[in-house]
1. In the stretch 19-41, which residue that is small (G, A, S) and within 25 Å of H53 (Cβ to Cβ) is surrounded by the most Cβ atoms within 10 Å (Cβ to Cβ)?
2. Give me the pairs, please: first residue somewhere in the stretch 13-34 and within 22 Å of G45 (Cβ to Cβ), second residue anywhere and of a type in the set (G, A, S) and not in a loop (DSSP other than H, G, I, E, B), beta-carbon distance under 9 Å, and either six or more positions apart or on two chains.
Amino acid sequence: MLDDSLADAYSGLVILNAEQVWVNQGRGEHRTFHHNGDGTFNADGDLIDLRDHMVLWKAYQD
């Protein structure tokens, strides 16, 4: 069930709902990717900091 209760309260809020995932068995490397909700992401344990690019979300950053 998709929770879109905040969509009206926050202008420009984008809600993504994963419909399908798959693994390419032919690819040599397999990595995980996770959005932390503050403009940072984890890719196989490595932190990727994209907060400077998330200018509309500054209020949610530390």
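1. That would be G39.
2. Listed by first residue and then by second, the contacts come to R31/A43; T32/A43; F33/A43; H34/A43.
Quick note: the coordinates plus some simple rules give every number you see, no bench work behind them. Since this is a predicted model, take the numbers as computed values, not measurements. As a convention, Cβ positions derive from the backbone with ideal geometry for all residues, glycine included, and neighbour counts pool all protein chains shown.
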